[in-house]
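Peer 1: The structure under discussion is supplied below as structure tokens; questions concerning it will follow.
The values are calculated or read from the model by the stated rules, or taken from the named source; none is laboratory data. All values reported here derive from a predicted model rather than from experimental measurement. Heads up, the Cβs are rebuilt from the backbone with ideal geometry, glycines too, and the neighbour counts pull from every protein chain shown.
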Amino acid sequence: MKQAFTLMQHLHLHLLLCPISFALVACQSTQPNIIFILADDLGFNDVGFRGSAQIPTPNIDALAYSGLILNRYYVNPICTPSRSALMTGKYPIHTGMQHTVLYAAEPRGLPLDLKILPQYLNELGYTSHIAGKWHLGHWKRVYTPLYRGFSSHHGYWGLDMRNGTEIAYDLHGQYTTDVITQHSLQVIANHKPAKGPLFLYVAHAAVHSGNPYNPLPASDDAVRRLDKIQHYKRRKYAALVTAMDESVGKIVEQLRKSRMLENSIIVFSTDNGGPAEGFNSNFASNYPLRGVKNTLWEGGVRGAALLWSPQLTKRPRTAEQLMHMVDWLPTLVEAAGGKVALSKLEAAKLDGVSLWQALVRNEASPRNSILHNIDDIWGSAALSVGVWKLVQGSHYNGSWDGWYGPAGLRNPHDYNWQLVTKCAAGQAMQQLKMLPQQADIIRLRKAATVSCKEAKVKPSPDIACNPLKEICLFNVLDDPCEQRNLAKQHPKVLALLLNELQLFNATAIPPANKPDDPRGDPRLWNHTWTNFGDYSEGKYYK
Ligand SMILES: *[C@@H]1O[C@H](CO)[C@@H](O)[C@H](O)[C@H]1NC(C)=O
Ligand SMILES: *[C@@H]1O[C@H](CO)[C@@H](O)[C@H](O)[C@H]1NC(C)=O
Ligand SMILES: *[C@@H]1O[C@H](CO)[C@@H](O)[C@H](O)[C@H]1NC(C)=O
Ligand SMILES: *[C@@H]1O[C@H](CO)[C@@H](O)[C@H](O)[C@H]1NC(C)=O
């Protein structure tokens, strides 16, 4: 009852305020469906719209060219922190999720007092579903998606497939990208727009590496079609990417069939930078950006992403607005409910800010700084203010601080334009008259291509950076590849950023990591990872 009342109150207020607000789009149309597609471990340089011609991603590219390529968009460097930022609108230092991932036997989860994205959207009349990876805690059921605002879930909390809260033994042996796609398509097909808008969170397992006995599981067909890629493991990785791209096409196609596409917002984003050259047994590429997944270099935190919606008035374009993962929550809440809904977030003390108006109308970003992370256990921190970025400490004893290929830029003609128009998403974009002409696509793709002169070449010693020995400072607009450490040249800027870092640090709460709980041992639970905290020891299956 309370929720219904809040919703009525909200709609009433919203309608009332509509004529005097300039949020025309929100007035004339019903609330948009929101489809948030999150790739796992996708590299910055692994999508066609970013300039690499190596892996064909025509469906993702078609959306990018018809909407906004988010060009100054940042994520957290690793899975759990990044997903916690997306769900809460808060930096991981403010939720205790700042240190590494949540391990399957840890008795912890994203704190229950935090209201999360689907819960906010449900209050605005949405129905929320999740397909795929959760990774924000499952040791007790109350931490899992069905208890946190989602109406259905096919996917996994930790490692085993679930259908809702049940272990989905019947899904064993199926290809995860297919399982996630099937559920997504079903949710869209079954959605009744008359009952309100849909929020669908599609959290792929792709293109994360799998079990060590087969780290890059891809169909032989998909691998064969990519035989131009010489490096075999890179070719297999590419096959994971193309399977995910096809899934994006199918989702767009289903939205079109269900007549929901015109009234949808689609986000496609990676959760963190790509694991390259064997990192995590995987072969992503962030080239020419520095570093990999789980490092605070641009390769770890500058994410490949796009935003698509017919509501965006200044499109297509590369969006230069500075944006971070934490901004999605307020941005999408504003898109869903207007300024009134947004004002209700104030009490939640978010780190995120809404970029909805800035992105719709191509205005300046309300954000000027980004805390990439502070991890006092690993002794690392990074912060951006404007064009400047500070990097302190490193991970893996500095052994992933370099630049890793492949570039995939050999020949621009390798890029298959026709695929973009022929693929499912491209066809849908053409029907909506949103896919630009080839000349505009070329221009967009060029604007989204990062090139640095000396990437992979060792910088001269005076500007080299060893963050294990000293704090480094980069101008990431001039030097997106972090090759020139300007700490000595710009001591005042460095001092300013250090001061800002201290202000953030003063607000951090301790990391919530816990040692593995022996009660979580899968041998006690029919060889599954489960919500062991809900049962007394071994009582359930043993
Ligand atoms: C999931 O469970 C529901 C019943 O709760 C069932 O109808 C459905 O077929 C199951 N889906 C899969 C993919 O197993
Ligand atoms: C870290 O790297 C340095 C320099 O490369 C090396 O001398 C040192 O032994 C390494 N430390 C560890 C713990 O691996
Ligand atoms: C943050 O503060 C803690 C405790 O006050 C301190 O130990 C730590 O070194 C600080 N971290 C950074 C990056 O300044
Ligand atoms: C234990 O796992 C097997 C599959 O490995 C499954 O067929 C069986 O139903 C499970 N037992 C229980 C009690 O859930």
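Peer 1: Given the conditions (1) at pLDDT below 95; (2) in contact with a Cys (Cβ under 8 Å, 6 or more places away or on another chain), report the number of the one that LYS458 does not fulfil.
Peer 2: (2)
Peer 1: Would you check if PRO81 is modelled with pLDDT of 95 or more, part of a helix (DSSP H, G or I), touching a helix residue (DSSP H, G or I) at 6+ places or on another chain (Cβ under 7 Å) and within 15 Å of ALA512 (Cα to Cα)?
Peer 2: Yes, satisfied.
Peer 1: I'd like to know if region 202-224 contains one or more residues that are in contact (Cβ under 8 Å) with a residue 40 or more places away in the chain and either within 16 Å of ligand 3 (Cβ to nearest atom) or not in a loop (DSSP other than H, G, I, E, B) (or both).
Peer 2: Of all residues in region 202-224, those in contact (Cβ under 8 Å) with a residue 40 or more places away in the chain come to 202-209, 212, 215-217, 219.
This time we only want the ones that are either within 16 Å of ligand 3 (Cβ to nearest atom) or not in a loop (DSSP other than H, G, I, E, B) (or both), so: 202-203.
Yes, that holds for at least one residue.
Peer 1: In region 229-255, which residue that is outside any helix (DSSP H, G or I) and touching a residue at least 24 places away in the same chain (Cβ under 8 Å) is farthest from GLN311 (Cα to Cα)?
Peer 2: The extreme case among them is HIS231.
Peer 1: Just give me the residues in region 387-409 being away from ligand 3 (no atom under 16 Å from the Cβ) and within 19 Å of SER369 (Cβ to Cβ), in sequence order. Quick ask: steps written out before the conclusion?
Peer 2: First, the residues of region 387-409 that are away from ligand 3 (no atom under 16 Å from the Cβ): 387-388, 396-409.
Selection gives VAL387, TRP388.
Peer 1: In region 163-201, what residues are within 16 Å of ligand 1 (Cβ to nearest atom) and either part of a loop (DSSP other than H, G, I, E, B) or surrounded by fewer than 13 Cβ atoms within 10 Å (Cβ to Cβ) (or both)?
Peer 2: Residues satisfying the conditions are GLY164, THR165, GLU166, ALA168, TYR169, ASP170, HIS172, GLY173, GLN174, TYR175, ALA189, ASN190.
Peer 1: Looking at the structure I just gave you, is LEU261 surrounded by 22 or more Cβ atoms within 10 Å (Cβ to Cβ) and aliphatic (A, V, I, L, M)? Can you show your working first?
Peer 2: Numbers: surrounded by 22 or more Cβ atoms within 10 Å (Cβ to Cβ): yes; aliphatic (A, V, I, L, M): yes.
When the stated conditions are applied, LEU261 passes them.
Peer 1: Would you please list the contacts, defined by Cβ atoms under 6 Å and residues six or more apart or on different chains, that run from a residue in region 373-385 that is over 13 Å from ILE93 (Cα atoms) to a residue that is polar (S, T, N, Q)?
Peer 2: Final answer for the pair search is VAL385/SER369.
Peer 1: Residue check, VAL101 against (1) buried (at least 24 other Cβ atoms within 10 Å of the Cβ); (2) touching a Cys at 6+ places or on another chain (Cβ under 6 Å); (3) of a type outside the set (Lys, Arg), all met but one. Which one?
Peer 2: Status for VAL101: all satisfied but (1).
Peer 1: Has region 139-155 got at least one residue that is of a type in the set (D, E, K, R), surrounded by fewer than 16 Cβ atoms within 10 Å (Cβ to Cβ), modelled with pLDDT of 95 or more and more than 16 Å from ligand 2 (Cβ to nearest atom)?
Peer 2: Scanning region 139-155 turns up at least one residue that is of a type in the set (D, E, K, R), surrounded by fewer than 16 Cβ atoms within 10 Å (Cβ to Cβ), modelled with pLDDT of 95 or more and more than 16 Å from ligand 2 (Cβ to nearest atom).
Peer 1: For region 256-341, which strands (runs of 3 or more DSSP E) that fit wholly inside it have 3 or more residues that are of a type in the set (Val, Ile, Thr)?
Peer 2: The strands (runs of 3 or more DSSP E) meeting that bar are 264-270.
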